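Q: Before I ask anything, let me first share the structure, which is written out below as structure tokens.
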Amino acid sequence: ECRIAHPVVKCTYCRTEYQQESKTNTICKKCAQNVQLYGTPKPCQYCNIIAAFIGNKCQRCTNSEKKYGPPYSCEQCKQQCAFDRKDDRKKVDGKLLCWLCTLSYKRVLQKTKEQRKHLSSSSRASHQEKEQYSRLSGGSHYNRMKLNISFPATGCQKLTGVDYERKLCTVYEKFMAMEVAADAPDEEWRGYVVQISGENDKQGTMNQGGTTHGRVLLATERPLNKEGKKPRTKPPKIQCLVAPHVLQHKRWHIALKKQRTKKNKEETAEYATLLAKRMKEAKEKCKEQIVKRQKLSSVKKKTQKTLSTSSIQNEIPKKKSKFESITTNGDSFSPDLALDSPGTDHFVIIAQLKEEVATLKKMLHQKDQMILEKEKKITELKADFQYQESQMRAKMNQMEKTHKEVTEQLQRIDKSH
């Protein structure tokens, strides 16, 4: 059904076989992609197949030219498109053919082989039918057939041979588990009844209807394998084992194995130590982070406490308005009592921080001055360097001029003499 729905067709461009998915499409998938990328192809310079998407040659010819060199003339189509592979096994009957000619030649060979097989099979079938007819009609004795008869109650088995094929007629066309009289194969089994069971023959295990005429004949045919096979002998390997270079090679391999094991052990030990070190460092980092978090939490708590005390202190002056009124009336009130409030620590810390900020500002100012002085020195040095460079250039120019003048004078003197 798949072959009918998708028949094998040749591509109009590259001439390769592919399964046609739709009747309208006559190009393979690869050629369709190339058409989308490069446009319609041109005929190849060598094989004249319309598949040259890039340049004047098709992809097959370019690849084979890279591998096998320039093309030769084909022995069948006489076109210069056959590539010499330099291997007689790859050639078709020793002929130097192009790709299309090789395909057509192989197709012809395949057809002839199939025809010969058909003729030989038909001749063999007719020959076998004639032999069977002559055996059944004439009663001439054929190869000896062996029957394995077993008694299931005791488990005993007996192998009997049958010389004449007519004795086996009672076994023909019988199914599995059928009971057959055992008088015909041998007189010893007169009066016995045999049940047919599955055994192996050349066609495999015998299933239902296994004892057909053809299968019994197959079992009686002579085997095709040869009995007298040539004895195989192998050369002794004592020389290889005893040789000194082999022993040296073995010692070298053992030493290499020892070195590898030692190296692996050292690497594992180094890895273990490094891993332990890294784990220790990670634990220490975790501990440091925990300590930092604890410190930050404690600082936050302290700041919250100081803020609460400052809020209380802000509320106290409102209540001290009475004391201020008393002082205005003439009574003296000591200011040290106000400083002894619980928010004095906070003010002290603020004062210390202000002092630190002032000192840092002074340091920054000093550093800025130092940087400015250094920049001034750098600019002065640059100016000196430029001045010296200009003087040197002027001196060089003067030297060149004097040298030219001297050389000209000398040349004039030489010419005058």
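Bear in mind that the values in this text are calculations on the coordinates, not laboratory data. Model, not experiment: these values are computed from the prediction. Note: ideal-geometry Cβ built from the backbone for every residue, glycine included; neighbour counts use all protein chains shown.
Q: Would you work out the relative contact order for region 8-118, in percent, from Cα pairs under 8 angstrom that are 6 or more residues apart?
A: Values: 132 pairs, mean separation 14.8, N = 111.
After rounding, I find 13 percent.
Q: With a point put 7 Å past each Cα toward its Cβ, work out how far residue 360 is from residue 106 in nm, to one decimal.
A: 8.7 nm
Q: Using bins 5 angstrom wide from zero, how does P(r) for region 8-118 break down, in % of all Cα pairs?
A: All Cα pairs considered, the percentages come to 2, 11, 18, 19, 18, 15, 10, 5, 1, 0.
Q: For region 22-45 and region 360-400, what is the separation of their C-alpha centers, rounded to whole Å?
A: 75 Å
Q: Moving to a separate point now. Quick one: net charge of residue 16's neighbours, Cβ under 10 Å, K/R +1, D/E -1?
A: Details: positive: 10, 15, 30, 60; negative: 17.
Overall, the nearby charge balance is +3.
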